[in-house]
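Report on the following structure.
The values are calculated or read from the model by the stated rules, or taken from the named source; none is laboratory data. Not measured: the values here are computed from a predicted model. All Cβ positions, even for glycine, are placed from backbone atoms using ideal geometry, and neighbour counts span all protein chains on display.
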Amino acid sequence: MRLDVNKTIQWMQLTNEKMQANKDYLTTLDQPIGDGDHGINMARGFQEVASKLNESTYTNVSDVLKDVAMTLMSKVGGASGPLFGTAFLKLSTKLKGEESVKQDIFGTALTEAVNGLKQRGKAEEGEKTMVDMWAPIAQLFLEDSNVTADTLLSTADSALTKIKEMTATKGRAAYFKDKTVGHQDPGAASTYLIFEALAEVWKG
Ligand code: ADP
Ligand code: MG
Ligand code: MG
């Protein structure tokens, strides 16, 4: 499978649909261990992404991802806006000029995104943040020579299960410490939706 311009746009449009459909769910996750705005933040940000992509034309994958990054950075508030913005900007930079991205190249771009997230959030793996969803997906793309929708989803599912049992040590959730165990991290849940959308695009 390769990621071309059309698939990248489809990926983002599908992500937007999922953010709108899960807006209340993401907000519910952010209530007990945060400030209850994550669904609002993500729904607003990806709505803007969808509009931006609709009104533009693209010849390469990196330009699509750059617009995604810039839109998320400027339209999503809180901690997650700059973090998602950084992740998509790293993807864009690593894929510069690519019209059709091979799986292993996508894996190195995802790894750059993870490094960017860690740097920006001063977070490591195991701190119950979106990093714990991005990192295993990046690893999958690097190590598995034939990523399928199924392997993508099962990797994302098992990451979600692990993250739920972690103790938050970064972001607002860190104030709730041990109380975060057994609660899903909102940013990991929204990142899951991004990769669930990718799995649907990665099929065809
Ligand atoms: P805010 O906490 O500012 O209200 P959001 O609710 O939109 O922002 O996003 C919260 C999510 O951002 C968390 O669930 C977590 O996944 C992620 N996050 C917060 N701080 C960090 C950080 N320092 N590093 C990585 N991810 C973080
Ligand atoms: Mg919040
Ligand atoms: Mg907030």
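Scanning the stretch 42-55 for residues that are buried (at least 21 other Cβ atoms within 10 Å of the Cβ), of a type outside the set (D, E, K, R) and closer than 15 Å to Ala138 by Cβ turns up nothing.
Within the stretch 175-194, the set of residues being out of contact with any Leu (no Cβ under 6 Å at 6 or more places or on another chain), in contact (Cβ under 8 Å) with a residue 12 or more places away in the chain and outside any loop (DSSP other than H, G, I, E, B) comprises Phe176, Lys179, Thr180, Gly187, Ala188, Thr191, Leu193, Ile194.
Among the residues of the stretch 182-192, are any within 16 Å of ligand 2 (Cβ to nearest atom), of a type in the set (S, T, N, Q) and within 18 Å of Ala87 (Cα to Cα)? Taking every residue of the stretch 182-192 in turn, at least one turns out to be within 16 Å of ligand 2 (Cβ to nearest atom), of a type in the set (S, T, N, Q) and within 18 Å of Ala87 (Cα to Cα).
Of all the listed residues (Ala159, Ala135, Ala109, Ala113), the sole one being of a type in the set (Gly, Ala, Ser) and either farther than 25 Å from Asp37 by Cβ or within 16 Å of ligand 2 (Cβ to nearest atom) (or both) is Ala109. Every listed requirement among (1) among the small types (Gly, Ala, Ser); (2) over 20 Å from His38 (Cβ atoms); (3) under 14 Å from the mean Cα position of the chain (by Cα) is met by Ser100 save one, (3). Only a single item in (1) crowded, with 18+ Cβ neighbours inside 10 Å; (2) at pLDDT 95 or above is not met by Glu98, and it is number (2). The set of residues in the stretch 124-174 that are touching a helix residue (DSSP H, G or I) at 6+ places or on another chain (Cβ under 7 Å), farther than 20 Å from Ala87 by Cβ and in a loop (DSSP other than H, G, I, E, B) comprises Asp144, Thr167.
The single condition from (1) within 16 Å of ligand 2 (Cβ to nearest atom); (2) in contact with a strand residue (DSSP E or B) (Cβ under 9 Å, 6 or more places away or on another chain); (3) of a type in the set (D, E, K, R) that Asp30 fails is (2). Does at least one position in the stretch 81-91 carry a residue that is more than 16 Å from ligand 1 (Cβ to nearest atom) and crowded, with 20+ Cβ neighbours inside 10 Å? Yes; the residues of the stretch 81-91 include at least one that is more than 16 Å from ligand 1 (Cβ to nearest atom) and crowded, with 20+ Cβ neighbours inside 10 Å.
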